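Notes follow the structure.
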Amino acid sequence: MDIRKVQVTGGSSYIITLPKDWIAKLHVRKNDPLGLISQPDGTLLVTKNISDAQVQSHKEFDVSLINDPAYLFRLLIGAYIAGFTTITITSKQRFSPFVRQVVRDFAQMTIGPEVIEETDSTMLLKDLLNPLEMPFDNTLKRMYVVVKNMHIDAVAAIETNNPALADDVIARDNDVDRLHWLIARQMNVILKNVNLSRKMDLSTSLVVNTYLISRIVERIGDHAVRMAENMKHIEGEDIGKNTKRVIRAASTLSLTIFDKSIVSFFQLDIMASHRNIESIKELDEACEQINSLSMTMGTPLAISLHYIAESIRRCGEYSGDISETVINYLIEEQGV
């Protein structure tokens, strides 16, 4: 830590010198304006960036030696989440056919990036989304609605033996991923631009905890997909009305815990979060009823029903994780 003493000039003005290395690194010149932002913990942030505009950053990938489409896709997602506003893809020769397909898939599965320039060996993607246009709470609420309906439809597919509905649940997982990636990106962009966080009226703690909750919601969506996939494994099998009834009851309880966890976050209700965590014990008993009924069936059917019960259980347990995150956040922010 570099310690500087506060001096007084003119009898009423308090001044402090700035580190020379910092001045040189940021190319600060005489009479340049600097922003001073008081932080909640009492620290004072000094920044050269006094604009509310998003900081422009660039990432370039040379794909000349990349032959794995999945690897290239993950590189692009990583650059997107990191907050780069432009991404250039280059090659020393003409692009391999898979490169353009990966870029198209990337642009379709993310919110904001678009290809604005293209040649035989160069592609330029630019993020056209203004962070202010996608508030955190709206994105998280949309994730919650999509995932909840995925869970409901996965159970309906099991009850009605409907593989087409199961396929639709699986397809909707892409919507959940793109919303989660957007929240991850917004978090990185906001944490790198204090002015932007102030403009959006978001604390660092809220930004980070919203991301943590979105990650949990994304995992709940994954379990809705697993339920749909296991439904396809038992397609055409009769699991009986009683088993369907028990699955529906366990699913309803799991979704109730999910609903309450999200509501407690937006209503900042710490006691509701606590009660929600305690209700998971009842869900465990409901899921065990599914396992007990499955034991009377053939092995392949019993295995699929066991996985369905486990996914219902995990949805509730992950919802409990959301409630724990809410409690931790409220204690930090409100000193509850």
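The values are calculated or read from the model by the stated rules, or taken from the named source; none is laboratory data. Worth saying up front: this structure is predicted, and the values here are computed from it rather than measured. Positions of Cβ are backbone-derived with ideal geometry, glycine not excepted, and every protein chain shown enters the neighbour counts.
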message = Looking at segment 86-111 only, could you name the residues that are over 13 Å from Phe73 (Cα atoms) and in contact (Cβ under 8 Å) with a residue 12 or more places away in the chain?
response = Thr86, Thr88, Thr90, Ser91, Lys92, Gln93, Arg94, Phe95, Ser96, Ile111
query = When only residues in segment 250-293 that are of a type in the set (S, T, N, Q) and buried (at least 22 other Cβ atoms within 10 Å of the Cβ) count, which is nearest to the chain's Cα centre (by Cα)?
reply = Ser261
Residue that is nearest to Ser205 (Cα to Cα), among those in segment 129-139 that are without any contact (Cβ under 8 Å) to a residue 60 or more places away in the chain and surrounded by 13 or more Cβ atoms within 10 Å (Cβ to Cβ) = Met134
note = Residue hits (segment 208-251; free of Cβ contacts under 8 Å to residues at least 24 places away in the same chain and basic (Lys, Arg)) are Lys241, Arg245
key: Counted residues, segment 26-46 - those being exposed (fewer than 10 other Cβ atoms within 10 Å of the Cβ) and either farther than 17 Å from Val194 by Cβ or touching a strand residue (DSSP E or B) at 6+ places or on another chain (Cβ under 9 Å) (or both)   = 7
task = Could you identify the single residue in Lys30, Lys141 that is farther than 19 Å from Val189 by Cβ, assigned by TED's automatic domain parsing to the domain that holds Thr204 and not acidic (Asp, Glu)?
result = Lys141
inquiry  = Just checking: which of the helices (runs of 4 or more DSSP H) contained wholly in segment 1-118 hold 3 or more residues that are among the hydrophobic types (A, V, I, L, M, F, W, C) and under 29 Å from the mean Cα position of the chain (by Cα)?
reply    = 69-82, 97-109
query = Could you say whether any residue in segment 288-296 is in contact (Cβ under 8 Å) with a residue 40 or more places away in the chain, out of contact with any Ser or Thr (no Cβ under 6 Å at 6 or more places or on another chain) and of a type in the set (Asp, Glu)?
reply = no
inquiry  = Here are the criteria: (1) among the polar types (S, T, N, Q); (2) out of contact with any Cys (no Cβ under 8 Å at 6 or more places or on another chain); (3) in contact (Cβ under 8 Å) with a residue 12 or more places away in the chain. Tell me which single one Ser254 does not satisfy.
reply    = (2)
task = Restrict the check to segment 188-200 and report whether at least one residue is surrounded by fewer than 21 Cβ atoms within 10 Å (Cβ to Cβ), in the same structural domain as Lys141 (by TED's automatic domain parsing) and within 30 Å of Thr299 (Cβ to Cβ).
result = no
ask   = Do we find that Asp173 is under 14 Å from Val225 (Cα atoms), in the same structural domain as Phe265 (by TED's automatic domain parsing) and not aromatic (Phe, Trp, Tyr) in this structure?
value = yes
message = Ile158 - would you say it is modelled with pLDDT of 90 or more and out of contact with any helix residue (DSSP H, G or I) (no Cβ under 9 Å at 6 or more places or on another chain)?
response = no
query = How many residues are of a type in the set (Ser, Thr, Tyr) and under 23 Å from Gln334 (Cβ atoms) when one looks only at segment 252-272?
reply = 2
inquiry  = Among the residues in segment 112-128, are any surrounded by fewer than 21 Cβ atoms within 10 Å (Cβ to Cβ), in contact (Cβ under 8 Å) with a residue 24 or more places away in the chain and closer than 22 Å to Phe258 by Cβ?
reply    = no
